[in-house]
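Heads up, the thing below is written out as structure tokens.
Read-outs throughout are calculated quantities, based only on the coordinates presented, and are distinct from any laboratory measurement. Quantities reported herein were computed from a predicted structural model and do not represent experimental measurements. Counting neighbours? That spans all protein chains shown, and the Cβs are built from the backbone with ideal geometry, glycine included.
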Amino acid sequence: MIKHTSLTLLTLLLLGTARASAADSSPTAVTSAQAIPTTTNASFLASIPHPGNKAPDVAAIDRARILKAADAALLLAPLSITQTKAPASPAGIHDYYSNGDYWWPDPSKPDGLPYIQRDGQSNPANFSDHRVALRKLRDAVAALGAAYVITGEDKYAAKAAEMLRVFFLDPDTKMNPNLQHAQTVAGAFPNGRGIGIIDTLHLIEVPVAIAAMQKSPAFPTETVTGLKSWFHDYLDWMITSKNGQDEAATKNNHSVAFWLQAAVFAAFTGNQERLAECRRQFKEVFIPKQMAPNGSFPLELKRTKPYAYSIFQLDNMTTLCRVLSTPDENLWAFELPDGRSIKKGIAYLEPYLADKSSWPLKPDVQAWAGWPTRQPALLMGGIAYGDPTYIELWTKLRPDPSDEEIQRNIAITQPILWVQ
């Protein structure tokens with residue numbers, strides 16, 4: 001059985017950063033990682049549990065599914081975005097490329113250009129190979145990390161290290177640390193948009209998995225150092241590029257997804273200044289400007305998939321609490337004078353997760369049947385607030401959706417990495 005720690009998730013990540021920095025005196029160390037502090041999974045991710053509350057035994061609940069996924073991952077060939085060249089990409093093979101989800105050819109134009117938007121309806125013909133590769137990498141590494149946590153077997157850490165090295169570090173196969181060409185739109189935005197940074201939301205589970213495995217002798221220190229350097233550089237691009245600044249300032253779920261990524265990558269690389277900014281965004285922007293007094297998210301309710309977007313937003317907000325909370329600053333307890341808080345957000349949505357038929361709005365235009373799944377908001381909220389009803393509901397929901405549309409909107413696949 002896994003022993004639950006009182007260290008924050010933030011502390012676990014930060015402890016691992018220190019290990020990488022201490023070993024960086026070798027001539028082969030990646031230079032840009034020299035200034036990066038250290039981290040383990042005990043500081044990177046353990047928000048403060050509710051007094052007297054115990055987390056459920058996620059290791060026991062998920063053991064079979066974890067080992068099934070991890071053992072399948074052991075057989076996978078390494079993945080890389082260089083394995084598929086995007087035909088319309090103006091960049092090189094190491095540069096990530098994708099098309100916007102909801103954009104379709106204009107039937108009134110002979111060449112279909114410029115594409116037009118159909119909100120909530122993903123175009124299956126759009127290029128998504130790089131995003132799928134990124135998501136498959138996340139799936140594999142998270143499963144391998146979870147298996148290492150519950151078994152301690154180095155074979156899982158060794159495979160994860162190999163896959164991460166090929167995807168992010170090897171000169172021939174690495175992905176460059178930017179999303180300059182993400183979510184392009186034919187005839188309208190051919191060079192990428194800030195909105196495309198949401199494509200790397202799946203990567204938030206990678207640093208958490210690394211932090212869980214990095215003490216294994218099978219996970220080379222130089223690989224940890226290189227990965228911290230990659231995420232350091234990617235975070236720097238997110239914050240300084242025009243695309244990143246555009247995305248950071250959006251007024252809906254996109255900004256939450258942006259700052260969740262920033263929080264995880266900052267924790268992983270020891271960037272305290274950026275972590276402080278993430279906390280400020282949560283307290284001064286997300287709760288006061290995106291949440292209604294009843295705990296709903298009005299801008300998400302206006303979409304053609306209000307149920308899915310409400311779930312997506314709440315999951316990401318609660319994960320922010322999980323990553324950013326410390327003994328001195330517990331975001332789970334943060335509340336505005338009018339009562340708005342993440343606790344109210346969970347209380348608003350939970351009845352509709354328990355009984356979708358009670359949802360007061362029209363069904364989503366796509367993937368309605370597949371929601372909800374085991375939403376992280378229920379597990380993390382149940383632990384934080386000591387509410388067994390949330391945890392009980394979480395255990396009853398399906399853990400592994402088969403619908404591609406739902407898979408691309410799920411940031412967390414292995415809860416054990418986040419609540420151990």
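Structure above, values below:
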read-out	value
All aspartates and glutamates inside 18 Å of residue 305 as judged from Cα atoms, apart from same-chain residues fewer than 8 positions distant	101, 119, 315, 350, 355, 364, 403, 404, 405
Ordering of 92-99, 393-400 by burial proxy (mean other Cβ atoms within 10 Å per residue, highest first)	92-99, 393-400
Sorted peptide list for 170-180, 355-365, 231-241, criterion being average Cβ within 10 angstrom, highest first	231-241, 170-180, 355-365
Long-range tail of P(r) for the chain (Cα pairs > 31 Å, %)	35
Additional length obtainable on full extension of the chain from residue 347 to residue 304, 0.36 nm per residue less Cα span	13.2 nm
Too-long pairs where the Cα-Cα distance tops 20 Å, listed order kept, from 283/344; 251/302; 136/356; 302/362	136/356
Helix-derived mean residue ellipticity, 222 nm - over the chain, DSSP H n ≥ 4, -39500 (n - 2.57), to 500	-14500 deg cm²/dmol
Kyte-Doolittle mean at least 0.0 and Cα axial length at least 30 Å: DSSP H helices in the chain	129-151
Which of 80, 325 has the fewest Cβ neighbours within 10 Å, and the rest in rising order	80, 325
Stretchable slack from residue 155 to residue 125, in nm (0.36 nm times residue separation minus alpha-carbon distance)	7.0 nm
Within a Gaussian network of the chain (alpha carbon springs, distance under 10 Å), most fluctuating of 230, 103, 368	368
Choice from 301, 324, 75 with maximal GNM fluctuation in the chain (Cα, 10 Å cutoff)	75
Residue of 209, 55, 161 that the Gaussian network model of the chain assigns the largest fluctuation, springs spanning Cα pairs under 10 Å	55
Rg followed by Dmax, in Å, when region 196-292 is reduced to its Cα trace	14.4, 49
Under 13 Å from residue 174, Cα to Cα: aspartates and glutamates that are on another chain or at least 8 residues apart	95, 162
Sparsely packed trypsin sites (Lys or Arg not before Pro) within region 275-332, loop by DSSP, other Cβ within 10 Å at most 14	302
Percent antiparallel among DSSP beta bridges (both partners in the chain, rounded to 5)	75
Model label zone, residue 276; criterion: amide N under 18 Å from point 7 Å along Cα-to-beta-carbon; scope region 314-346	324-331
Electrostatic dipole magnitude of the chain [Cβ: Lys, Arg +1; Asp, Glu -1; Cα centre; debye, to 20]	420
